[in-house]
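Visitor: Once you've had a glance at the structure underneath, I'll fire off some questions.
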Amino acid sequence: MELDPWQIGDITDYEQLFKFGISPMAAFKEMYSDNRYVRRGMIFGHRGFEKIDTAIQSKRPFIMMTGLMPSGKFHFGHKMVADEIIWFQRKGARTYIAAADIESYLMRAVSLKDARNIAIEEYLTNYIALGLDPKKTTFWFQSDYKPEYYRLADVAANEVTFNEMRAIYGDITPNKIISALKQVADILHPQLPDFEGRLPTIVPVGADQDPHIRLTRDIASRLNHIYKMELPSATFHRFMEGLRGGKMSSSNPKSYIALSEDPKTARKKLMSATTGGRETAEEQKRMGGLPDVCAVYKFYYYHLVDDDKEMQKLYGECKSGSILCGACKQRCADMLEKFLVEHQKKMGKAKEAAKKLAESR
Ligand code: TRP
Ligand code: SF4
């Protein structure tokens, strides 16, 4: 299986990634059970998380760095990364966030102007509404940042061959090369002397980003003759399934619910999602539903229900057929609507802070 960070498609077999050097996150489940995604296995893998664990346990400084590609609405799939960012920030990470406007221009044909607006109005506003502390965050656009950052991207080009890039990315083209080297600089520049200096760095990402992580780790080790750097660490999460199966993707509005979605529209979308229900009510009462393949269940599991006991109860009710999909969806839609109404109030308040953060470099 080849991972392509620019492909829209879904990853079907996460277990297989362990064969390619991603380690299971299971070892850290107990220690970080306060993180719902770690506890429930959505964050399933990592590279080099031991360093971050040590930093957190010994209260030593570390960097959290990740990026967003502004290309559409901020939806519940994106919320995972936001929650991870905020979680690491609260664990004491020095927080760095890149808006990959060059990448969305090169790979998704989004203009820099549109990318800028999407990054601020969709991503940053939501991050702050979800709990990001903008005062403790360094934020930049790939198209508009400090010279040291660009110098690092250029110098990094000298540390990798075309064949290596082809081995990592498959079909490699100039726009992919530029995007990849920007991402390398995104991840490594906080360790430059002008920024934080050498520090463990955690990069929370979706599993499709592993090629970039591998490239960045290779380059970091080879840059040693110029800069002393820690190899960056990463955590990998699964994609949240969309409303009709497959990946939740901003390129398909039927697959997602945006956090800025009108709550009534969101309700309707959820009510028409694919469930793990049976053909008839009689059958479902007799055989029970299939929560593991149900898009409604994913909303509870990923976002709406934090309490594991309550989650177990929901699972049991579905499995035993004691609740039918109609009632279950209504209950989920109620929770969703309540969440969105409250969240959108916070978004209203976060708008100004988001603009300010975008102008802060
Ligand atoms: N390529 C990432 C995406 O598609 C966005 C990104 C840009 C990024 N720079 C980064 C992610 C640095 C992690 C670290 O979403
Ligand atoms: Fe999904 Fe709920 Fe139906 Fe179970 S009862 S399949 S969780 S909608």
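Visitor: Is it the case that some residue within the stretch 330-348 is buried (at least 20 other Cβ atoms within 10 Å of the Cβ), over 26 Å from the mean Cα position of the chain (by Cα) and within 14 Å of ligand 2 (Cβ to nearest atom)?
Guide: no
Visitor: Please enumerate the residues belonging to the stretch 239-292 that are of a type in the set (G, A, S) and within 16 Å of ligand 1 (Cβ to nearest atom).
Guide: S249, S250, S251
Visitor: Please identify the pairs in which a residue from the stretch 282-306 that is at pLDDT 95 or above has its Cβ atom under 8 Å from the Cβ atom of a residue that is away from ligand 2 (no atom under 12 Å from the Cβ) and small (G, A, S), counting only partners at least 6 apart or on another chain.
Guide: From the stretch 282-306, the pairs are A295/G242; A295/G245.
Visitor: Would a scan of the stretch 270-290 turn up a residue that is surrounded by fewer than 17 Cβ atoms within 10 Å (Cβ to Cβ), within 28 Å of V38 (Cβ to Cβ), not assigned by TED's automatic domain parsing to the domain that holds D34 and not β-branched (V, I, T)?
Guide: yes
Visitor: Could you say whether any residue in the stretch 225-232 is in a helix (DSSP H, G or I) and either farther than 30 Å from K29 by Cα or not polar (S, T, N, Q) (or both)?
Guide: The answer is yes; a qualifying residue exists.
Visitor: Now, a different point. Quick one: which helices (runs of 4 or more DSSP H) lie wholly within the stretch 31-134 and hold at least 1 residues that are closer than 24 Å to A350 by Cβ?
Guide: Filter on the stretch 31-134 gives 36-39, 76-90, 101-108, 112-118, 125-130.
Visitor: If you go through the stretch 6-22 one residue at a time, do you hit one that is of a type in the set (S, T, Y) and in contact (Cβ under 8 Å) with a residue 40 or more places away in the chain? Before you say what the answer is, go through the steps one by one.
Guide: The initial filter retains those residues of the stretch 6-22 that are of a type in the set (S, T, Y), namely 12, 14.
After this cut, where a residue has to be in contact (Cβ under 8 Å) with a residue 40 or more places away in the chain as well, the list is 14.
The answer is yes, given that some residue of the stretch 6-22 is of a type in the set (S, T, Y) and in contact (Cβ under 8 Å) with a residue 40 or more places away in the chain.
Visitor: Related question: I'd like to verify a number: residues in the stretch 102-141 that are crowded, with 21+ Cβ neighbours inside 10 Å, charged (D, E, K, R) and more than 17 Å from the chain's Cα centre (by Cα), how many?
Guide: Summing the residues that are crowded, with 21+ Cβ neighbours inside 10 Å, charged (D, E, K, R) and more than 17 Å from the chain's Cα centre (by Cα) in the stretch 102-141 gives 0.
Visitor: Condition check: farther than 14 Å from G48 by Cα, touching a residue at least 60 places away in the same chain (Cβ under 8 Å) and either among the β-branched types (V, I, T) or assigned by TED's automatic domain parsing to the domain that holds A119 (or both). Does L223 satisfy that?
Guide: yes
Visitor: Within the stretch 16-35, which residues are polar (S, T, N, Q) and surrounded by 13 or more Cβ atoms within 10 Å (Cβ to Cβ)?
Guide: S23, N35 - these are the residues of the stretch 16-35 that are polar (S, T, N, Q) and surrounded by 13 or more Cβ atoms within 10 Å (Cβ to Cβ).
Visitor: What are the residues in the stretch 54-76 that are in contact with a strand residue (DSSP E or B) (Cβ under 9 Å, 6 or more places away or on another chain) and more than 11 Å from ligand 1 (Cβ to nearest atom), if any?
Guide: A55, P61, F62, I63, G72, K73, F74, H75, F76
Visitor: State all residues of the stretch 186-210 that are within 9 Å of ligand 1 (Cβ to nearest atom) and either surrounded by fewer than 23 Cβ atoms within 10 Å (Cβ to Cβ) or among the hydrophobic types (A, V, I, L, M, F, W, C) (or both); if no residue qualifies, say none. Spell out the reasoning first.
Guide: At the first step, the residues of the stretch 186-210 found to be within 9 Å of ligand 1 (Cβ to nearest atom) are 186-187, 203-206, 208-209.
I187, V203, V205, G206, D208, Q209 - these are the residues of the stretch 186-210 that are within 9 Å of ligand 1 (Cβ to nearest atom) and either surrounded by fewer than 23 Cβ atoms within 10 Å (Cβ to Cβ) or among the hydrophobic types (A, V, I, L, M, F, W, C) (or both).
The values are calculated or read from the model by the stated rules, or taken from the named source; none is laboratory data. In this text, all values refer to a predicted model and were calculated from it rather than measured experimentally. No Cβ is skipped: glycine too gets one built from the backbone with ideal geometry, and neighbour counts run over all protein chains shown.
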